[in-house]
């Protein structure tokens, strides 16, 4: 009969941990928070040092009774809720419900659900970290105060029944400010002029730059027609050739926000879906904890990556790297990475499609972070026709390095690194014109936010935490403050 009890948050996590700890342990789940501020009233005594009024959450009385029943007669109770502020607060409420003494080292935490990590956590049990608990309480109370102060304003100005939040309000303002920028934007005309040139049997693309005195911005059709008239079917002479070697380092392993951004761009996942799928992978023991702002990885993980990269790609593709974590990061947990590459690869076929896609993204980013630099040559050819200058640009990958496995996605276009492979040119070589293509363009307003770009700006501005981005974005959509169409947020409803 089991004489120890471990309490986790998730039932699916309970099954995995029970398997690792054996028959001496019972493992049950609290199913998230059990105690919270009341849902029907303010619940914060502002005049008494912001004292919170905690209540058993609706539907959780039965779970609490079951937990008490399981804890009765046990020699030891371990609180193994998630290793973050929310998890610490849940552990603290469980400790109080079960009347566990303050000096009882009942708290265990692990960054990955593996047999080694779980067993080591039990050996290193500690007291509840009250600093983390206080941090969670402060944030929860602040959320309540902001919500209760702003919500009546929404009822008056927008619609009854709406509510506001500390992070939601700022996220919504960012979207609305961008909407205003777009509405106020005044488009201006400009032109591009492209020449298709013959180099022996090859056709190369040259873009208008200016004249021998410097750069010229093409503003209108009259200006472009004048240039076309003076250069049409004239000789294009190669005046300068510049080649430069460029090196590109891999990005660090995923944090919560970078995973959310990349999964949005590469997989089309919403932030909410990314976190749901990542939670399943974590609870099944396949990845480390998915709520983190650190790019740090353990020495053991780095050794596993080294062995895998060398065996699969060769020594030239490996480079040991240690990433510096942002100075504003809490750095409480490792970066997001596979818990056990070999084991996960063996069971990959048992994952759902979404789990396969997200796991593979996490795996490739983690491995790429320990791979060699990518090296490529940039070539810039300057050609002159009459007094005007055109540029021909291209690049060639010399060594793919980490890019063999992973290419970082971005919202912005990277014009410098295109893979336009060019033939060899020589100074004073004459190129013949095949076609001149003038194009009328208009300046465009700043782009509306996608989930990926919104998460990026929230992180850059220090608004909220990565773990709050998913519920924040979901809430402002669910309450119809914004709408999303083809991955793009807009605020048409309240314009």
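Summary table below
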item	result
By average C-beta atoms within 10 angstrom, highest first, the peptides 316-325, 265-274	265-274, 316-325
Compactness relative to 2.2 N^0.38 Å, alpha carbon Rg of the stretch 1-56	1.69
The chain: calculated mean residue ellipticity at 222 nm from DSSP helix runs of at least 4, using -39500 (n - 2.57)	-11500 deg cm²/dmol
Between 0 and 90°, nearest 10: helix 85-97 axis offset from the chain longest Cα axis	10
Three principal axis lengths of the chain [C-alpha, angstrom, descending]	95, 64, 36
Rounded tilt (10° steps) of 130-157 against the dominant C-alpha axis of the chain	70
Bins of 10 Å, starting at 0 and running to the largest distance - Cα pair percent for the stretch 256-368	13, 46, 35, 6
Relative packing of 257-264, 429-436, 383-390, which averages over residues the other C-beta atoms within 10 Å, highest first	257-264, 383-390, 429-436
The chain: angle of helix 353-368 to the longest principal axis, Cα-based, in degrees nearest 10	70
Ranked by how many other beta carbons lie within 10 Å on average, peptides 465-473, 284-292, 16-24 from highest	284-292, 465-473, 16-24
Descending principal axes extents, the stretch 27-177, alpha-carbon based, whole Å	57, 31, 28
At 0.890 mPa s and 25 °C, Stokes D of the stretch 184-244 from Kirkwood alpha-carbon radius, µm² per second	176
Inter-probe distance in nm under a simple model that places probes 7 Å from Cα toward Cβ, at residue 103 and residue 233	10.0
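Quick note: the coordinates plus some simple rules give every number you see, no bench work behind them. If you're wondering where the values come from, they're calculated on a predicted model, not measured in any experiment. Note: ideal-geometry Cβ built from the backbone for every residue, glycine included; neighbour counts use all protein chains shown.
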